[in-house]
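The values are calculated or read from the model by the stated rules, or taken from the named source; none is laboratory data. The structure presented is a predicted model; accordingly, all values stated were derived computationally and were not measured. Here the Cβ positions follow ideal geometry from the backbone for every residue, glycine too, while neighbour counts run over all protein chains shown.
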Amino acid sequence: MAAELNPNPFVVFGEWFNAARAAEIPECNAASLATADANGRVTCRTVLLKAWDKRGFVFFTNYTSEKARQLDENPHAALLFPWLQMSRQVEITGRAERISTAESAAYFVTRPFKSQVGAWISQQSSVITSRAMLEAKFHQMLRKFRDGKVPLPDHWGGYRIVPDTFEFWQAGAHRLHDRIQYKRAYHGDWRRVRLQP
């Protein structure tokens, strides 16, 4: 497989992502995001990839959430795209950085109205006394923003994972899987190697 892959891992990701979309894999933009706090305590959850380019891979969240707190303490993170129906996965490791407010606002206005309102009421990862209280607050905010104009909350926005490594994994017969790793070199180019299965 290595000889067939483009030297640029962003190009390969695009090819594999488009193949996953063409195969109609549900939520092919879903990735597991692993983060760790300053003490090395690791957590993992699913996020949705909303944008990517040569700068990195963008997802959105509440800046008061556990993942945001961990990324503020320790910016190292990993994304895993498990396209199991195609016997493929892609792992990306790198550093997380907040995207600009302008970038977050540009995406926020494309969200459905009720999702915009939901971003205002959720204090993600904090304890809540009842579901009814959350829903009452949601309906209160629906009335507040009934004109349909919902501003970007200060506590909500995007992170970009700026990659240091990519690993493209393809299942093989007899568990002799193909694993091709790209590692960012000191001068910014990518070094490509094959890993043992």
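Worth pointing out:
- Any pair with Cβ under 8 angstrom, 6 or more apart, that starts in segment 66-78 at a residue that is farther than 12 Å from Leu33 by Cα and ends at one that is among the hydrophobic types (A, V, I, L, M, F, W, C) and surrounded by fewer than 15 Cβ atoms within 10 Å (Cβ to Cβ): Glu73/Ala38; Asn74/Ala38
- Those strands (runs of 3 or more DSSP E) lying entirely in segment 31-70 with at least 3 residues farther than 17 Å from Ile99 by Cα and touching a strand residue (DSSP E or B) at 6+ places or on another chain (Cβ under 8 Å): 42-48
- Being touching a Pro at 6+ places or on another chain (Cβ under 7 Å), free of Cβ contacts under 8 Å to residues at least 60 places away in the same chain and among the aliphatic types (A, V, I, L, M) is a property that does not hold for Leu134.
- Cβ pairs under 8 Å, 6+ apart, first in segment 11-32 and within 20 Å of Arg55 (Cα to Cα), second of a type outside the set (S, T, N, Q) and part of a helix (DSSP H, G or I): Asn29/Phe17
- Every residue from segment 76-106 that is surrounded by 19 or more Cβ atoms within 10 Å (Cβ to Cβ) and among the polar types (S, T, N, Q): Gln89, Ser104
- Residues located in segment 98-139, provided they are among the polar types (S, T, N, Q) and at pLDDT 90 or above: Ser100, Thr101, Ser104, Thr110, Ser115, Gln116
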